[in-house]
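Report on one structure; see the data block that follows.
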Amino acid sequence: MVQGMKHPIYLDYNATTPVDPEVAKEMIPYIESFYGNPSSSYSIGRSNREAVEKARAQVAKLINCQADEIYFTSCATESNNLAIKGIAWANSDKGRHIITSAIEHPAVMEVCKYLSSQGFEITWLPVDHSGRIGPKDVENAIRKDTILITIMHANNEVGTIQPISEIGSIARQKNIVFHTDASQSVGKIETDVDKLGVDLLTIAGHKLYAPKGIGALYIRQGTPIENLMHGGGHEKGIRPGTENVIHTVGLGKACEVAMRDFKKNQHNMQVSRDRLLDGLVSQLGNKVHVNGNLGNCLPNTLSVAFENISAHALASFISSDVLISTGSACHSGETTISSVLQAMNLDFRTAAATVRISTGKKTTEEEIDFAVEVLVNAVKKLSL
Ligand SMILES: Cc1ncc(COP(=O)(O)O)c(C=O)c1O
């Protein structure tokens with residue numbers, strides 16, 4: 001291990017990211033000094049209103065929308081709830097059919113299941129072996145009473161990027177509201193709302209080097225939506241509650257930094273991910289099975305199975321040196337395969353052997369080389 005290297009090596013950036021030092025620096029004055037309520041009309045209130053509005057513009061710039069189309073929330077889960085339930089309630093007189101996919105995060109899946117218990121009908125679209133949804137399947141699923149299509153931009157477990165702009169064109173043609181959960185894609189790949197053709201887009205602060213506890217929802221102007229919470233007039237009444245100024249400032253800065261360093265970060269994440277895979281394949285050969293299709297994948301994500309290895313045993317064996325996550329859950333000795341891997345039709349053995357490794361914008365060659373060494377040794381030991 002190289003001296004001075006952080007230990008254990010963190011390779012689970014799809015779970016969360018550390019707060020960027022530039023982001024932390026921007027937040028500190030709002031933690032230590034600037035405590036005014038943005039709704040107050042005196043100066044310490046007004047300056048915090050300005051800080052919130054500056055952050056709104058920074059977020060908007062990253063996804064190419066107007067500042068007043070950004071609504072701050074507490075997290076991606078809240079943004080997804082607001083988007084999906086909000087559109088469902090606002091349009092229930094027009095229809096009660098919603099289209100989504102089998103590989104959504106629980107923050108979409110559970111919302112759709114809840115709506116199904118409230119008299120909405122949900123179509124769960126399948127995916128191919130790489131985890132991709134077919135635009136034709138979306139088109140064929142559309143009915144007269146379809147009011148919403150909600151499909152994630154990129155999958156959190158395998159990194160598969162969905163054909164959002166193609167689906168966006170279909171939604172536009174048929175005049176159906178289209179939401180995408182972009183929690184994993186913002187800052188990693190381009191997320192221009194016009195190019196994607198979406199009406200609503202979810203952002204998760206802590207996946208892009210802002211703190212946990214802040215999210216945003218883009219709502220295209222003119223999209224009818226019901227609010228989930230009722231209270232004051234904050235966020236144009238769509239999301240009432242005194243603004244979380246500290247974290248909002250952090251999210252704004254994180255978006256500015258993500259935009260400024262986009263190419264550099266994307267390159268580093270991809271080079272690190274590819275170096276990791278090359279290292280694993282060169283030492284373990286055909287014991288390594290890559291899930292999905294790296295040609296259509298987030299630049300930082302590697303979903304990989306090691307032949308005859310339990311992913312849980314592997315992740316726990318290396319956890320003092322390298323931090324990664326698994327594609328299955330293990331409770332009382334029983335292994336449950338994730339719904340994403342199931343939808344991709346992965347056989348049980350491969351799914352139970354699947355780990356997710358995700359690199360970050362600051363991941364170094366040294367960290368990757370160390371992680372390869374640790375993983376290779378662990379796989380060899382565990383397969384004895
Ligand atoms: C695709 C996706 N959507 C939504 C979420 C939920 O994010 P949060 O727990 O921050 O609300 C996550 C978090 O892992 C995610 O990966």
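List of remarks:
- Filter result (buried (at least 24 other Cβ atoms within 10 Å of the Cβ) and under 26 Å from LEU294 (Cβ atoms)) within region 163-184: ILE164, ILE167, THR180, ASP181, ALA182, SER183, GLN184
- Some residue of region 210-228 being touching a Pro at 6+ places or on another chain (Cβ under 9 Å), modelled with pLDDT of 95 or more, closer than 16 Å to SER74 by Cα and surrounded by fewer than 20 Cβ atoms within 10 Å (Cβ to Cβ): yes
- Each residue in region 345-377 was checked for being within 29 Å of TYR209 (Cβ to Cβ) and outside any strand (DSSP E or B), and 17 of them qualify.
- Residues that are away from the ligand (no atom under 16 Å from the Cβ), out of contact with any Lys or Arg (no Cβ under 9 Å at 6 or more places or on another chain), closer than 29 Å to ASN296 by Cα and of a type outside the set (A, V, I, L, M) occur at least once in region 49-64.
- Of all the listed residues (CYS255, CYS297), the sole one being crowded, with 22+ Cβ neighbours inside 10 Å and not assigned by TED's automatic domain parsing to the domain that holds THR77 is CYS297.
- All told, GLY131 meets the bar of being within 15 Å of the ligand (Cβ to nearest atom) and of a type in the set (Gly, Ala, Ser).
- Matching option when the condition is within 16 Å of the ligand (Cβ to nearest atom) and modelled with pLDDT of 95 or more, among GLU139, GLU110, GLU121, GLU166: GLU110
- Taken as a whole, the condition of being outside the structural domain of VAL374 (by TED's automatic domain parsing) and buried (at least 21 other Cβ atoms within 10 Å of the Cβ) does not apply to ILE28.
- Which numbered condition LEU382 fails, given (1) more than 22 Å from HIS105 (Cα to Cα); (2) in contact with a strand residue (DSSP E or B) (Cβ under 7 Å, 6 or more places away or on another chain): (2)
- Taken across region 185-194, residues that are part of a strand (DSSP E or B), crowded, with 23+ Cβ neighbours inside 10 Å and charged (D, E, K, R) do not occur at all.
- Residue satisfying all of: in region 181-199; out of contact with any Ser or Thr (no Cβ under 7 Å at 6 or more places or on another chain) and within 15 Å of the ligand (Cβ to nearest atom); nearest to TYR13 (Cα to Cα) among these: GLN184
- Single match in SER183, SER169, SER165 (criterion: over 16 Å from ASN296 (Cβ atoms) and without any contact (Cβ under 8 Å) to a residue 40 or more places away in the chain): SER169
- Listed conditions (1) surrounded by fewer than 22 Cβ atoms within 10 Å (Cβ to Cβ); (2) under 17 Å from ILE203 (Cβ atoms); (3) within 16 Å of the ligand (Cβ to nearest atom); (4) of a type in the set (Gly, Ala, Ser) are all met by ALA76, apart from (1).
- Within region 202-225, the set of residues being assigned to a strand (DSSP E or B) and away from the ligand (no atom under 11 Å from the Cβ) comprises ALA216, LEU217, TYR218, ILE219.
- Looking only at residues of region 142-152 that are more than 16 Å from the ligand (Cβ to nearest atom) and touching a residue at least 60 places away in the same chain (Cβ under 8 Å), we find that the one that is nearest to SER303 (Cα to Cα) is LEU148.
- Criterion (over 15 Å from THR248 (Cβ atoms) and not charged (D, E, K, R)) met by exactly one of SER79, SER74, SER41: SER41
The values are calculated or read from the model by the stated rules, or taken from the named source; none is laboratory data. Everything numeric in this text was worked out from a predicted model, so none of it was measured. Counting neighbours? That spans all protein chains shown, and the Cβs are built from the backbone with ideal geometry, glycine included.
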